[in-house]
Each structure stands twice: as structure tokens, then as C-alpha cells.
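Report on the following structure.
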Amino acid sequence: MKFDIFKPLVIHEQGKQTIQEDSIFPAKGEGTIHDRLFIVCDGHGGDGGGNMASAAVATSLSDYFFQNTCPDEPMEEDGLKMAFVETYNTLNKECESDASVAMAMLYFHRHGCLAAHIGNSRIYHIRPKHRSLMYRSLDNVKRMVPKDNVMAEPVKAFITDVSFGDYFVLMTNGAASKFPDQKVVDIICANGSDEEKLTKLKEGIGICDENHSLYLIHVSGVMNEAFDDNLIDNEQRLMAAYLASKKDKSPQQDDNQPYKRQPVADDESTASVAQSSILDKPEENPKKKKELPIVWITAIALILGAAALLFWGQGKTKHNSPEQTEVKPKENTPKEKDTLNVMKGAKDKPLELTSEEKAKLEEEKKKAEEKKKAEEEKKKAEEEKKKQEESNNDASTKEPSGDINNTPVAPESATPTPQPAKPVVESEPTNPTPASNNPGGMRPVIPEE
């Protein structure tokens, strides 16, 4: 469990007294968000004895914590007892016997919060989101007195139920005497900043004759850890003791005067709480008391489960042996049967088509035939055209080319026409025309014989 806090706020005023006999730690103006130990001390005694006594307690107690604990580490029961023994030794050395001190302290650590007080200095734990008073220390008569044969033991509250937004308030008697519990709760639970709440607390104290000191600590974050469920917490028991004592307190008693609750015979539960000493060691978390039965129940359940699995495995092996195993054919579901029948029928029967499907199929078939016929005709026309071109080429190579003057030659007919015999005309031979007299370069015509 780890804590974060906002900047702590403080009231440390002298009132109408000539001497400030209250002491606080950290000193006024020195508190930061990194501080985890807070102490307020209310000193009493003439000739400055109360001032020295309260300063000795605050200094000795804080020094012991810093010298014997690491940051955020818890203070064990024996360590806390030794801290107060050392504080008493310092008090006996430095102060006179007519002085006395009441004190309240709060220490944040990994196992929760340690709240301890002696005398009528007060501690509040308030949860604004539920508008509830979680803890209020029970005032007592005993104070820390130098050279006293009996050492006053602190009332220790071990608090683990801490949430984001919770407030802790430490007060000396000069401030606590001005506030009933409900007024403190109303101020802390009201809307507003911490500074505004501190201002309202100052206004509530008003003009005070006594020294008065107060520390206001606001929790800004809590991080829980795995082992937090087993931590010790006695906050509820101490709160029940306070409420029981307040219930039986006579109306004539002042809120800040010590009182003792008388047990009620017909209310055994309340009487037992009131009779139990608040100085006893804190009781353990109820979850820890239930831990042992839960462990045993879990172990038995695991053993029975393992035995059941072993028995079931043996039985399954026996029934699945080759000699006794009977493989039963798997029965098909109605849907599977229909599918198989359709598949089987498809092999034996032709596929039946509707009239629309038949018409569509015929149309597609007809189109395919027309297309095929058109392709054949086109192919045939191309072949004929090719043959015609080949025949024309052959004819042009066999026929004479005609006369020199490019006289067109009649095409060869299929049947040759008989030509009449031409008469032979005798003429004198003529010389060919010279090339110079034949500008066209044409050969002379030689008559046929």
C-alpha cells in the first residue's frame, strides 16, 4: 500500500498566551507532499516547562522514526514502543516534573496508517465522498509527564481502509475544544479547496485564549498491493469504543473532558466493547482468521477432484478395450439423409428442368448453332475468295502479254474460236526505223509471215 498526499496545511498559533507551548512536526511552512510523519504536541507547565516538553517530544519522536525506519517502511510494535521509551528518556533529561505533554501523530507507511495519541490531542479520519467519520480518537486523562514512575502508553490505531480523497486532521486541545465532531465533518465534507477548508477551521476556532495547532492532510492517491488483505486494522473497533462511550456520557460532561463509559448489563456486545482496553494490541483482520479453514477446504476439494478424475480415467480405459468395444454405425440426421437421397437420385435420373429453363436452354443452343453456321459461311467465303485470287494469278502468268503498244489482249475463252486464214501479202522488205527517228524508243512492228 502506497500513499500520495496533497500539500499538508497547518495552523500553529499562540492565541492570547505569552508563550507558545505547542510544537508541531514538520514545522510551520516546511511540510511537503513527500512527508509521511506528522506530529502535534500540546505542552503544559509554568516557566516555559510546557514549551520545552512539547519540543522535546516532537523532536525525539521524529528523530527516532527517521533513524530507525526507511521511507514508507512500517514501524513494528516493538519499534514503536522503543520510540516512546526514547522520547520519555529525552523528556526526563530536559524537562522538569511539573511539565506534561499531550500528543497526536500520524505515520503513512506500506502497511497502512499508524495513528497514535496520548491525552486529549485529537485525530480525525474523514471520508467526504460518503460524508462519514471513519475514526475519531478517544480522549484520555493520562499525559506524558517527566520523571513519572508510570509511562503513559499511546492509543494506537492501525488503519488500512484509506481511499483517495480522505482527510486526516490532527488537533491539539486548544483547537479541538472549539469543535464538536459534526462541525469538523461538515467543514471537511463541504465543497471547496483545502485552503478554503482551512480558513473555515480558523473561523471556527475564532479568538482563542489557548495555544492551538492543527494539521490538515488530504490523501491524493492510494495504490494497493497483493498482501494488503492480510494487514492488521483496528480502526473500527476503536471507533465503536468511542461511539459507545459517547452514547453513555452524561449531558453535564464537556466534550473535551475525560469520561469513562459504564457497562450496560442488557447490551452485552456494547458492554464488551467498552470494557476492552483500547491499549491492547490491535486485532487481526477477519480475512486472516478465515484463511486457515479456506485452505483446508480447498485442499480437500483438490484431493477429491483428483480421485474422481483418476477413477473416471480407469473406467474409460476399461470400457474402451478392443475386446469389449463395439463400433456402432453413425446414424445420419434427417438433413443428411435428404442430401444423400438427392445425390443418389442424381445418378439414376436425368435432371428435370422447368419450362422456363428448357426455353432458355433451347434459345442458347439455337444462338450457338447460328453463330457456328455464320462462322462456317464466313470461312467458306474466305476460302472461295482465296481460290479466285489464285486462279487469276495463274491465268495472268499463262496468257501472252499483247503487242508492244500495250494493246489489250482478249481473255481466253473456254472454247477457242476458229480464225479465218489471212491472205499473204507480199511486200518489199523495209528497213527498221533508226533509233534516232523513233523517239519513243519503240521497236518496229514485224509483220507476221
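In this structure, does HIS44 turn out to be within 48 Å of the chain's Cα centre (by Cα) and either free of Cβ contacts under 8 Å to residues at least 24 places away in the same chain or open to solvent by 40 Å² or more (accessible area, probe 1.4 Å) (or both)? Spelling it out, it is not the case that HIS44 is within 48 Å of the chain's Cα centre (by Cα) and either free of Cβ contacts under 8 Å to residues at least 24 places away in the same chain or open to solvent by 40 Å² or more (accessible area, probe 1.4 Å) (or both). Restricting ALA104, ALA83, ALA55, ALA99 to residues that are under 51 Å from the mean Cα position of the chain (by Cα), in contact (Cβ under 8 Å) with a residue 12 or more places away in the chain and more than 22 Å from PHE168 (Cβ to Cβ) narrows the list to ALA55. The single condition from (1) surrounded by fewer than 24 Cβ atoms within 10 Å (Cβ to Cβ); (2) without any contact (Cβ under 8 Å) to a residue 60 or more places away in the chain; (3) aliphatic (A, V, I, L, M) that LEU37 fails is (2).
Go through the residues of the stretch 6-13 one by one and say whether even a single one is part of a loop (DSSP other than H, G, I, E, B), open to solvent by 10 Å² or more (accessible area, probe 1.4 Å), of a type in the set (Lys, Arg) and modelled with pLDDT of 95 or more. Checked the stretch 6-13: at least one residue is part of a loop (DSSP other than H, G, I, E, B), open to solvent by 10 Å² or more (accessible area, probe 1.4 Å), of a type in the set (Lys, Arg) and modelled with pLDDT of 95 or more. When you check LYS28 against the structure, is it assigned to a loop (DSSP other than H, G, I, E, B), at pLDDT 95 or above and open to solvent by 30 Å² or more (accessible area, probe 1.4 Å), yes or no? No; evaluated as a whole, the condition is false for this residue.
Looking at the stretch 91-104, can you tell me whether even one residue there is surrounded by 14 or more Cβ atoms within 10 Å (Cβ to Cβ) and in contact with a Cys (Cβ under 7 Å, 6 or more places away or on another chain)? Scanning the stretch 91-104, I find at least one residue that is surrounded by 14 or more Cβ atoms within 10 Å (Cβ to Cβ) and in contact with a Cys (Cβ under 7 Å, 6 or more places away or on another chain), so the answer is yes. Residues in the stretch 8-30 that are charged (D, E, K, R) and either touching a helix residue (DSSP H, G or I) at 6+ places or on another chain (Cβ under 6 Å) or touching a residue at least 40 places away in the same chain (Cβ under 8 Å) (or both): GLU13, LYS16, GLU21, ASP22. Out of the stretch 60-69, which residues are assigned to a helix (DSSP H, G or I), of a type in the set (Ser, Thr, Tyr) and within 44 Å of the chain's Cα centre (by Cα)? Answer for the stretch 60-69, where residues must be assigned to a helix (DSSP H, G or I), of a type in the set (Ser, Thr, Tyr) and within 44 Å of the chain's Cα centre (by Cα): SER62, TYR64. Exactly one residue among HIS117, HIS130, HIS125 is under 24 Å from LYS197 (Cβ atoms) and surrounded by fewer than 20 Cβ atoms within 10 Å (Cβ to Cβ), and that residue is HIS130. Cβ-Cβ contacts under 7 Å between residues 6 or more apart (or on different chains), taken from a first residue in the stretch 207-223 that is farther than 15 Å from ASN120 by Cα to a second residue that is part of a strand (DSSP E or B) and of a type in the set (Lys, Arg), are listed as MET223/LYS2.
The values are calculated or read from the model by the stated rules, or taken from the named source; none is laboratory data. As the structure is a prediction and not an experimental result, all values here were calculated from the model. Here the Cβ is made from the backbone with ideal geometry for all residues, glycine too, and neighbour counts use every protein chain on show. Note: accessible area is taken over every heavy atom of the protein model, side chains too, but ligands, DNA and RNA are not part of it. Shrake-Rupley method; radii C 1.70, N 1.55, O 1.52, S 1.80 Å.
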